[in-house]
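> Once you've had a glance at the structure underneath, I'll fire off some questions.
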Amino acid sequence: MAGLSFDTNPAVSSKDANAAFKKQLNKVYGWYTGGFFAFIVVLAIAEQMGLPRGAIGIVFLLATVALYAGIGIMSRTNDAAEYYVAGRRVPAVYNGMATGADWMSAASFIGMAGTLYLSGYGGLAFIMGWTGGYCLVALFLAPYLRKFGQFTIPDFLGARYEGNAARFVGILIAIFVSFVYVVAQIYGVGLITTRLSGLAFEIGIFVGLGGILVCSFLGGMRAVTWTQVAQYIILIIAYLIPLVWLSVKQTGVPVPQLIYGSQLEKVTAKEKVLIDDPKEKEVIAVFKARSDELAAKLKDIPTALAADRAAAQKKLDDLKAANGPLADIQAAEKALAAVPKDEAAAKTAWTAAKAAADARARPLAGMPRHAQQFAGDPNGDAKAQEAFDTSRRNFLALVFCLMVGTAALPHILMRYYTTPSVKEARQSVTWSLFFIFLLYFSAPALAVLVKYEVFNVLVGTPFDKLPAWIAAWSRVDPALLSVADVNKDGIFQLGEMRIGGDIIVLATPEIGGLPYVISGMVAAGGLAAALSTADGLLLTIANALSHDLYYKMIDPNAPTARRVMLSKILLLVVALAAAYVASLKMADILFLVSAAFSLAAAGFFPALVLGIFWKRASKWGAVLGMLSGFALTLYYMCTTHPWMRSLFDIKGPIADYTWWGIAPISAGIFGVPLGFAVIIIVSLLTPAPKREVQELVEHVRYPNLKPAR
């Protein structure tokens with residue numbers, strides 16, 4: 001990358017200059033891709049010669065972070081147009097690639113195949129929703145937003161809706177949505193950094209944070225754009241190579257998308273065997289007994305807590321009196337310390353443990369059959385029919401929220417301000433869809449191939465012969481992977497493993513028995529996905545504060561250098577705050593990301609679409625529409641999601657707050673219609689926008705239409 005200078009003259013906009021710039025980019029990134037393959041080969045040879053696994057992980061971590069840092073240093077700038085919109089000169093294909101990297105976050109790279117592994121058909125809602133969202137972007141938003149010519153989404157809202165009221169609401173929503181999203185990305189960064197380096201999770205977060213900051217801090221959108229192109233190349237190679245390898249290992253066919261159906265048939269057949277397996281039923285019985293025991297404790301918490309504490313203390317005293325082994329005494333001390341401190345803590349701990357036991361006291365470790373469309377049975381009894389209807393409603397609601405949320409995410413829409421023209425903005429959406437398709441078309445196959453491997457290779461293996469990756473990932477985070485010989489037969493059953501979706505992709509090379517260098521490469525790909533999205537999100541938050549709030553609302557005369565420096569300072573502050581929140585591990589990656597989609601959908605989509613396609617949409621309609629849609633969505637999440645209920649100390653059964661059985665992840669299904677309704681009603685009841693604003697809206701949609709006189 002050393003030979004590339006990103007600092008071309010932004011004033012030069014001729015076709016020849018653009019063609020020369022694109023040719024230079026093709027050359028540089030061509031060499032970069034070849035260099036990455038060479039790097040993998042060299043590390044593979046070094047591994048065969050004895051290079052330790054820990055050293056391979058460190059090399060991947062340092063090399064990728066150093067690469068991104070180098071691009072950030074080369075792309076540093078204090079020019080406003082370069083910092084905020086990369087000088088509006090990013091070719092469509094490269095903007096599509098950068099958007100793909102910006103889009104394919106930790107949730108896409110790490111979480112999506114894991115969700116498909118755990119939930120089967122239900123996980124396809126994410127692929128359908130996220131992919132379909134780009135069709136909405138191409139048809140309704142990207143080209144029109146580019147015609148308006150602002151730097152950010154709040155900037156557009158301020159220009160379209162005549163002033164700072166809509167801009168300020170847009171700033172608040174953009175910050176909230178982006179912060180929720182970036183916490184998930186930094187969580188992914190910490191998870192991957194920990195696996196590569198062996199550092200503690202909390203330390204790994206802040207180490208990975210350095211790779212995020214060096215790009216967005218130094219060069220803003222310009223540095224982020226060229227870094228994201230590099231990151232996309234790494235992440236797509238890292239995703240596809242182990243998938244192809246696993247496909248060849250199982251079927252001999254190097255195109256996993258083609259053998260997806262046949263492998264799914266084998267998985268479905270194996271599911272039936274496992275459901276009828278007596279050993280699996282033994283494990284289910286153990287978890288059912290645990291659930292019953294915990295239910296009995298919850299009926300009389302004071303008595304049960306006293307009995308548990310007395311039993312733990314007696315066991316420790318007996319071991320000490322008998323001068324028992326030190327390891328047993330230490331285990332007894334740990335067990336005593338783990339006894340809840342008071343009744344409230346006991347109720348919380350035992351309720352959570354009972355829920356976990358109930359989930360695993362079902363066939364297939366609580367997973368649905370992979371090819372089963374929805375829960376329940378449309379031809380069954382009343383309860384089965386209700387379960388089927390609720391499951392189907394949630395599937396469709398989630399697809400809707402993800403589609404509309406995709407079309408309203410500020411950090412994605414910002415990308416289309418960076419192209420040289422409206423035509424290239426539309427083309428870059430097409431390229432974005434293509435680059436995203438490469439991964440999304442592969443995720444379902446990856447989930448099925450990994451499940452086939454677990455069902456046919458791991459299940460039935462003696463515990464003392466389990467592969468090393470199980471112990472390695474258990475050390476990273478027992479909540480993500482843990483195994484225990486529940487029925488004490490020494491043989492691994494499916495029900496004896498608790499696995500989190502967030503590690504399915506990262507552990508795929510080891511699950512398939514691939515060399516460790518491939519594991520390092522996949523981790524580097526996951527790191528690239530998380531870093532690329534985190535860069536864009538942090539830049540969105542910092543720009544909302546420095547450009548939209550400070551420059552547009554507080555000090556319109558602020559010099560460019562001050563605005564850019566303020567953006568950099570705010571970016572650092574927000575990054576540290578997000579890293580701290582991520583270190584608390586408050587919710588899983590997929591829920592945080594999906595929450596951001598519902599919130600963005602309800603907060604932005606109605607105002608953006610009506611602002612472009614309905615010239616009568618007024619300032620107060622937009623303000624009240626954004627606030628009402630966003631507030632309703634947030635309220636529903638807070639009252640129906642267990643973690644958020646505990647955060648706000650909301651009492652009472654969740655069923656009392658649930659509407660039509662819709663899950664909190666799909667809360668935007670209520671907020672979006674409300675936003676549209678409020679904007680339309682309030683706009684009709686308040687004065688119309690100024691004539692010049694209405695003419696601007698018509699000109700953006702119909703550029704050849706001459707304004708009325």
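The values are calculated or read from the model by the stated rules, or taken from the named source; none is laboratory data. Remember, it's a predicted structure, so these values are computed and weren't measured experimentally. Positions of Cβ are generated from backbone atoms using ideal geometry, with glycine treated the same way; all protein chains shown enter the neighbour counts. For accessibility, only protein heavy atoms count, side chains too; no ligands or nucleic acids. Shrake-Rupley method; radii C 1.70, N 1.55, O 1.52, S 1.80 Å.
> Go through 129, 120 for me and flag whichever is under 22 Å from the mean Cα position of the chain (by Cα), touching a residue at least 60 places away in the same chain (Cβ under 8 Å) and at positive phi.
Within the list 129, 120, the selection yields 120.
> Take the residues in segment 331-358 that are charged (D, E, K, R) and part of a helix (DSSP H, G or I); name whichever of them is most open to solvent (accessible area, probe 1.4 Å).
For segment 331-358, the residue satisfying everything is 334.
> Working only within segment 646-655, note down all residues that are out of contact with any Cys (no Cβ under 9 Å at 6 or more places or on another chain) and either open to solvent by 50 Å² or more (accessible area, probe 1.4 Å) or closer than 20 Å to residue 593 by Cβ (or both).
Within segment 646-655, 646, 649, 651, 653, 654, 655 qualify.
> Let me ask something else about it. Any idea which of 86, 55 is modelled with pLDDT under 80 and among the hydrophobic types (A, V, I, L, M, F, W, C)?
Matching residue, one of 86, 55: 86.
> Is it true that residue 187 is assigned to a helix (DSSP H, G or I) and either at positive phi or in contact with a His (Cβ under 9 Å, 6 or more places away or on another chain) (or both)?
No; evaluated as a whole, the condition is false for this residue.
> Further, regarding this structure: Given (1) β-branched (Val, Ile, Thr); (2) touching a Lys or Arg at 6+ places or on another chain (Cβ under 9 Å); (3) surrounded by 19 or more Cβ atoms within 10 Å (Cβ to Cβ); (4) within 30 Å of residue 107 (Cβ to Cβ), where does residue 259 come up short, assuming only one miss?
Single failed check for residue 259: (2).
> Have a look at 696, 627, 632, 599 and point out the one that is at pLDDT below 95, aliphatic (A, V, I, L, M) and under 29 Å from residue 129 (Cα atoms).
599
Residues are listed down the side, and each one gets a yes or a no for (1) at pLDDT below 80; (2) of a type in the set (D, E, K, R); (3) open to solvent by 10 Å² or more (accessible area, probe 1.4 Å); (4) part of a helix (DSSP H, G or I):
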| site | (1), (2), (3), (4) |
| --- | --- |
| 123 | no, no, no, yes |
| 140 | no, no, yes, yes |
| 143 | yes, no, no, yes |
| 147 | yes, yes, yes, yes |
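> State whether the residues of segment 681-700 include one that is surrounded by 15 or more Cβ atoms within 10 Å (Cβ to Cβ), within 21 Å of the chain's Cα centre (by Cα) and either more than 28 Å from residue 183 (Cβ to Cβ) or of a type outside the set (Val, Ile, Thr) (or both).
Within segment 681-700, not a single residue is surrounded by 15 or more Cβ atoms within 10 Å (Cβ to Cβ), within 21 Å of the chain's Cα centre (by Cα) and either more than 28 Å from residue 183 (Cβ to Cβ) or of a type outside the set (Val, Ile, Thr) (or both).
> Here is a check on your reading of the model: is residue 134 in a helix (DSSP H, G or I), more than 29 Å from residue 627 (Cα to Cα) and in contact (Cβ under 8 Å) with a residue 12 or more places away in the chain?
no
> Against the conditions (1) modelled with pLDDT of 80 or more; (2) open to solvent by 10 Å² or more (accessible area, probe 1.4 Å); (3) within 27 Å of residue 565 (Cα to Cα), where does residue 97 fall short? Just the number, please.
Here residue 97 meets the rest and fails (3).
> Filter segment 636-645 down to residues that are surrounded by fewer than 18 Cβ atoms within 10 Å (Cβ to Cβ) and either in contact (Cβ under 8 Å) with a residue 60 or more places away in the chain or of a type in the set (A, V, I, L, M) (or both), then give me how many there are.
0
> A further question on this structure: Go over the candidates 633, 658 one by one and state the one that is part of a helix (DSSP H, G or I) and open to solvent by less than 60 Å² (accessible area, probe 1.4 Å).
Within the list 633, 658, the selection yields 633.
> Taking interchain pairs and intrachain pairs at least six residues apart, which have beta carbon atoms under 9 angstrom, with the first residue in segment 441-454 and in contact (Cβ under 8 Å) with a residue 12 or more places away in the chain and the second assigned to a loop (DSSP other than H, G, I, E, B)?
447/370; 448/370; 449/512; 450/512; 451/367; 451/370; 453/512; 453/513
> If you check every pair at least six apart or on different chains, which have Cβ atoms under 6 Å apart with a residue in segment 217-243 that is open to solvent by 10 Å² or more (accessible area, probe 1.4 Å) first and a residue that is at pLDDT 85 or above and among the β-branched types (Val, Ile, Thr) second?
233/33
> Just give me the residues in segment 21-36 being touching a residue at least 40 places away in the same chain (Cβ under 8 Å), open to solvent by 30 Å² or more (accessible area, probe 1.4 Å) and of a type outside the set (S, T, N, Q), in sequence order.
Answer for segment 21-36, where residues must be touching a residue at least 40 places away in the same chain (Cβ under 8 Å), open to solvent by 30 Å² or more (accessible area, probe 1.4 Å) and of a type outside the set (S, T, N, Q): just 22.
> Follow-up question, since we're still on this one. Looking at segment 481-498, which of its residues are in contact with a helix residue (DSSP H, G or I) (Cβ under 7 Å, 6 or more places away or on another chain) and free of Cβ contacts under 8 Å to residues at least 60 places away in the same chain?
481, 482, 483, 484, 485, 490, 492
> Cβ-Cβ distance below 9 Å, separation of 6 or more or different chains: which pairs start in segment 390-413 with a residue that is at positive phi and end on one that is open to solvent by less than 10 Å² (accessible area, probe 1.4 Å)?
Nothing qualifies.
Residue-by-condition table, conditions (1) open to solvent by less than 10 Å² (accessible area, probe 1.4 Å); (2) small (Gly, Ala, Ser); (3) touching a Pro at 6+ places or on another chain (Cβ under 9 Å); (4) assigned to a helix (DSSP H, G or I):
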{"site": "44", "(1), (2), (3), (4)": "no, yes, yes, yes"}
{"site": "47", "(1), (2), (3), (4)": "no, no, yes, yes"}
{"site": "63", "(1), (2), (3), (4)": "no, yes, no, yes"}
{"site": "69", "(1), (2), (3), (4)": "no, yes, no, yes"}
{"site": "72", "(1), (2), (3), (4)": "yes, yes, no, yes"}
{"site": "76", "(1), (2), (3), (4)": "no, no, no, no"}
{"site": "101", "(1), (2), (3), (4)": "yes, yes, no, yes"}
{"site": "113", "(1), (2), (3), (4)": "yes, yes, yes, yes"}
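> Here's another thing I want to ask about it. Taking the criterion of being open to solvent by less than 10 Å² (accessible area, probe 1.4 Å), part of a helix (DSSP H, G or I) and within 28 Å of residue 143 (Cα to Cα), would at least one residue in segment 574-591 satisfy it?
no
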